[in-house]
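Some notes on the structure that comes next.
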Amino acid sequence: MLSYMADHAAFGLSARAFLRTNLLLHAANGVLLYALARRLSGRRTWPAIAAVLFLVHPVQVESVAWVSQRKTLLAATFTLAALHAWVSRARDVDGGRRHALAALLAFVLALASKSVAVVVPFLLLLLDLCFGHGEPRRLRLRRMVPFAVAAAACAALALASQGPGHAGGRVAAFHGGGPGATAATMLPVLARYLGLLAWPAGLSAWYSPAVRTGPDAAVLASAALAAALAAFGFALLRRRRDLFFWYATFFVGLLPVSQVVPIVTLMNDRYLYFPMLGAAPFVAAAAFGGASDAVLLRSARGRGALAAAAVGVLALGLAAHARTGAWRDGLTLWTDAVAKEPCGYAFDKLGATYLSLGRAAEAEAACLRAREVEPAYVDALNCVGIARAQRGDLDGAGRAFDELLAARPDDEAARRNREKLDGIRRGGGAN
């Protein structure tokens, strides 16, 4: 919120200014990631490839183009700052107390940006495990105490403030009715995330993964994939801890959005921003870490591999540029979403966008379409009622609000709209 205030004080309500700050933060995160990979590896080439991959991958568009995701970008900035300070602490011959304090301060600032940063203590432990000097486990854990306290405080605050009673992102119950059903639901989501990283086609502002209550073919296949990933990670831990750090960072970054604590949305592009801090360096290091910088830059084979990487990165950059077109305005965004995820929520948001543009007939059609594709999605009836009222169909508007209130009597928005409608009728505005 302070960063928004600074933008507003300097540039007013210029959307370009707010977006420019997001772009600068994203670029800074790429630089910080490059510097971290270079410090840990002593290399230049593959860290540069990793940073560019992190910056231009199409899944990053949502976090940058949506100004509301400033929190994600800032949390990543301070997280990377904490990791840098922790590396400096480990290399400080004087014990590194001031670097440890700097890491703690950066961590608190990351938590103040977004609660997803609660994973930072795990990343610091990973740094010690993969790049440390064999310190006793008890010492490593003791150093984590202030970080654990800060993380616990942030988690408690987030659980309270994000609850359903405050219209937050947390839901009261597990998707599907229990932890087992949620796990069955999220395993295919993990597989889908990996697919989007490898082939980022079909990106959307909204996803509606199927909520599963038990194992089916997709769940079993995804479980087998997860088991293979775990086995691969264990092998890396034993043989290539430098690679394991980045590999594990990807999965640690997914933890806050893996429904361990149930949240409203099951899947989003922005949920991959933190995991990309691990995925991009892992891919680059796995592909190019086996040869020295000199070999990569001077040998014909190395230059050929780098040229192939450049083509791949360019293709991703062009795909990201194309994806930004969907974020031009609400109409382009939700038109794109309903084409890819034709669900009740996406059609409802498209209808609300039409309402904001004064296109009541199209708004009603979109919201009625939401009920067709998802009959249980009663939220769209509020938009239907408003659209009908704007077109002068007060009786039809009343029926829409009444149907919504019958299904959900505590819907305050529908109740207020019904009262406004009654006021219009009493004032003689009814047909």
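The numbers here are math on the coordinates, done by the rules we state, and not lab data. These numbers come from a predicted model, not from an experiment. All Cβ positions, even for glycine, are placed from backbone atoms using ideal geometry, and neighbour counts span all protein chains on display.
Give me the angle, in degrees from 0 to 90, between the Cα long axis of helix 2-11 and the longest principal axis of the Cα atoms of the chain, rounded to the nearest 10. Relative to the chain, helix 2-11 is tipped by roughly 70 degrees. Counting only alpha carbon atoms, the long axis of helix 45-56 and the longest principal axis of the chain meet at about 10°.
Normalised by the residues of the range 318-401, what does the relative contact order come to in percent, with Cα pairs under 8 Å and at least six apart? Relative contact order of the range 318-401: 22 percent. For S299, no residue 5 or more places off, or on another chain, has a built amide H under 5 Å of its own. A cut-off of 5 Å between modelled amide H atoms, ignoring neighbours fewer than 5 places along the same chain, links I263 with V171. Normalised by the number of residues in the range 67-211, the average gap of Cα pairs under 8 Å and 6 or more apart makes the relative contact order 16 percent. Of the residues A81, A407, A397, the one that moves most in a GNM of the chain with alpha-carbon contacts below 10 Å is A407.
Between the C-alpha center of the range 1-43 and that of the range 361-392 there is a gap of 39 Å. Normalised by the number of residues in the chain, the mean separation of alpha-carbon contacts (under 8 Å, six or more apart) gives a relative contact order of 15 percent.
Can you give the net charge of the other residues whose Cβ lies under 13 Å from the Cβ of A155, counting K and R as +1 and D and E as -1? Working shown, then result.
On the way: positive: K114, R170; negative: none.
Value of the local net charge: +2.
Which links in K114/K420; K340/K420; K114/K349 stretch past 28 Å when you go from one Cα to the other? Distance filter (> 28 Å) returns K114/K420; K340/K420. The alpha carbons of the chain stretch over 82, 54, 49 Å along the principal axes, in descending order. So, in Å, what gap is there between the alpha-carbon centers of the range 233-290 and the range 51-81? Using only Cα atoms to place each centre, the spacing works out to 15 Å.
Please determine, in degrees from 0 to 90 and to the nearest 10, the orientation of helix 241-254 with respect to the longest principal axis defined by the Cα atoms of the chain, where the helix direction is its Cα long axis. Computed tilt is about 10 degrees. With θ taken as phi - 60° and the Karplus curve 6.51 cos²θ - 1.76 cosθ + 1.60 applied, the whole-hertz 3J(HN,Hα) list for the range 345-359 is 4, 5, 5, 5, 5, 5, x, 4, 5, 4, 4, 5, 8, x, 9 Hz, x standing for glycine and proline. For the range 330-426, the orientation-averaged shadow of the C-alpha convex hull comes to 5.7 nm² (one quarter of the hull surface).
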